[in-house]
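I have placed the structure first, in the form of structure tokens, so that the comments after it can refer back to it.
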Amino acid sequence: MRNRILEGATKLFFRFGVKSITMDSIAADLGISKKTIYQHFPDKDTLVNEVVSAFIEKDLAQWKELDEKYSDVIEKMFRSFDIVKETLTEINPRLMFEVQKYHPDAFDIFKQYENDVMYTHLVNDLKNGIENGYFRSELSIELIAKVRMAEIHMLFNPELFESNKMSVFELHLEFLDYFMRGIMTEKGLKVYNSYLTKNQI
């Protein structure tokens, strides 16, 4: 039952954000009593924390699998699109803003993952790309990694999304394309364009 509640809450939070979804909403959607939810999660804060932690665990496992399968950084990026699309298609663009505002402990969990794992992963990919001649050797890796992280944050800026007709995933592809073209060598750009043509992104 605990996992069922967690999965149901995740679906609702991702679709509608955390602000409008109450414990009553989750209970009604699952066809259970609110008391049943409280037997497993004492309050909404705890439930949101668990949803974020479960998302991180799933995300980490998916990226670990990609790392093990693909050593080429550009190929790995294109292989990751299915994962990214699934996540960004499901997620409400206001979700992160609402988590930060209304559930700061959950947001801190995500920020720690972002700082400890996502940033380090990105730095390693940039180093890999430079070693393979895909990215320019004079790049300031840490600075470029921070720029990319800032771009990811922008995807969940409610003001940006509300003034743009693109989906979050389409914005992600647009930002990523600008980013990649700005750091690539001629060799990297050739490989990148080849993957674009094959995958019809």
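The values are calculated or read from the model by the stated rules, or taken from the named source; none is laboratory data. Remember, it's a predicted structure, so these values are computed and weren't measured experimentally. With ideal geometry, Cβ positions are generated from the backbone for all residues, glycine too; neighbour counts draw on all protein chains shown.
Here is how the numbers come out for the structure above:
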read-out	value
Hits in segment 75-116 (condition: without any contact (Cβ under 8 Å) to a residue 24 or more places away in the chain, within 21 Å of V147 (Cα to Cα) and either exposed (fewer than 14 other Cβ atoms within 10 Å of the Cβ) or acidic (D, E) (or both))	D108, K111, Q112, N115, D116
Qualifying residue in segment 21-38 (condition: in contact (Cβ under 8 Å) with a residue 24 or more places away in the chain, over 30 Å from E131 (Cβ atoms) and polar (S, T, N, Q))	yes
Subset of segment 103-137 that is over 18 Å from T46 (Cβ atoms) and β-branched (V, I, T) - its residue that is farthest from the chain's Cα centre (by Cα)	I130
The one condition in (1) closer than 30 Å to R136 by Cα; (2) assigned to a helix (DSSP H, G or I) that S71 fails to fulfil	(2)
All positions within segment 1-33 that are more than 17 Å from N92 (Cα to Cα) and of a type in the set (A, V, I, L, M)	M1, I5, L6, M23, A27, A28, L30, I32
Segment 138-175, subset modelled with pLDDT under 90 and of a type in the set (S, T, N, Q), residue surrounded by the fewest Cβ atoms within 10 Å (Cβ to Cβ)	S163
Single match in Y119, Y178, Y195 (criterion: exposed (fewer than 14 other Cβ atoms within 10 Å of the Cβ) and among the aromatic types (F, W, Y))	Y178
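Each row is one residue, and each column tells you yes or no for (1) modelled with pLDDT of 95 or more; (2) assigned to a helix (DSSP H, G or I); (3) of a type in the set (F, W, Y); (4) within 30 Å of L196 (Cα to Cα).
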residue: A9; (1), (2), (3), (4): yes, yes, no, no
residue: L12; (1), (2), (3), (4): yes, yes, no, no
residue: A28; (1), (2), (3), (4): yes, yes, no, no
residue: K35; (1), (2), (3), (4): yes, yes, no, no
residue: P42; (1), (2), (3), (4): yes, no, no, no
residue: V48; (1), (2), (3), (4): yes, yes, no, no
residue: V51; (1), (2), (3), (4): yes, yes, no, no
residue: K58; (1), (2), (3), (4): no, yes, no, yes
residue: L66; (1), (2), (3), (4): no, yes, no, yes
